Amino acid sequence: MCRVFAGQDPEGYRQINRSIRIDGHSTSIQLEATFWALLDEIADSQGLTTPKFISKLYDEAIEINGAIPNFASMLRTTCALYLRGHRPDMDELTPKREAA
């Protein structure tokens, strides 16, 4: 077995609950510490707090897909996509202005 994976610090996979307001409702999300650290990093790269980033992600996913069967899993795969180099285009980050 690969020691890099087997010998990792247990702190990284410790479960952490955070309370976040999504769509006007307070909810608790449980993820491993490593995923929370990555979500904090992603949010910071977007100029947002982690709760604001998660709320926006939720809203956009509902708009695109209509439902989210497992939001915690979606957050984990968001982290995987981020680690694989997927980043929003600058056009996505800049609000569009309508022509006058």
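Can you tell me the convex hull volume per residue for the chain, based on C-alpha atoms, in Å³ to the nearest whole number?
Values: hull volume 13.7 nm³, N = 100.
Convex hull volume per residue, Cα atoms: 137 Å³.
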field: Largest to smallest accessible area among E63, E11 [probe 1.4 Å]
entry: E63, E11
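Once the piece of chain linking Q46 and S26 is laid out straight, how much longer is it, given 0.36 nm per residue of separation minus the C-alpha distance between them?
On the way: separation 20, 0.36 × 20 = 7.20 nm, distance 2.26 nm.
Full-extension gain reported as 4.9 nm.
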message: Quick check: pseudo-label points 7 Å beyond the Cα along Cα→Cβ at F5 and D59, how many nm apart are they?
response: 3.8
task: Please give the per residue accessible area of the chain, computed with a probe of 1.4 Å over protein heavy atoms only, in Å².
output: 76
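Relative contact order (percent) for the stretch 11-84, with alpha-carbon contacts under 8 angstrom and 6 or more residues of separation?
On the way: 65 pairs, mean separation 19.2, N = 74.
In percent, rounded to a whole number, it is 26.
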task: Obtain the nm distance between the two label points defined at F71 and R14 by a simple spin-label model: each point lies 7 Å from its Cα along the Cα-to-C-beta direction.
output: 2.5
statement: Counting as exposed only trypsin sites (Lys or Arg not before Pro) in DSSP loop states with no more than 15 other Cβ atoms inside 10 Å, the longest exposed-site-free span of the chain is 15-83
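Do the sum for the chain: with -39,500 (n - 2.57) for every DSSP H run of n ≥ 4, divided by all residues, what is the mean residue ellipticity at 222 nm, to the nearest 500 deg cm²/dmol? Spell out each step's value before the answer.
Details: 5 runs with 50 residues, N = 100.
When only DSSP H runs of four or more count, the value is -14500 deg cm²/dmol.
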query: To the nearest 20 debye, what is the magnitude of the charge dipole of the chain about its Cα centre, counting +1 on the Cβ of each Lys and Arg and -1 on the Cβ of each Asp and Glu?
result: 200
message: Quick check: at a probe of 1.4 Å, how many percent of the accessible area of the chain sits on carbon and sulfur atoms?
response: 52
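The values are calculated or read from the model by the stated rules, or taken from the named source; none is laboratory data. Computed from a predicted structure; not experimentally measured. We place every Cβ from the backbone using ideal geometry, glycine too, and count neighbours over all the protein chains shown. The area values use the complete protein model at the heavy-atom level, side chains included, leaving out ligands, DNA and RNA. Shrake-Rupley method; radii C 1.70, N 1.55, O 1.52, S 1.80 Å.
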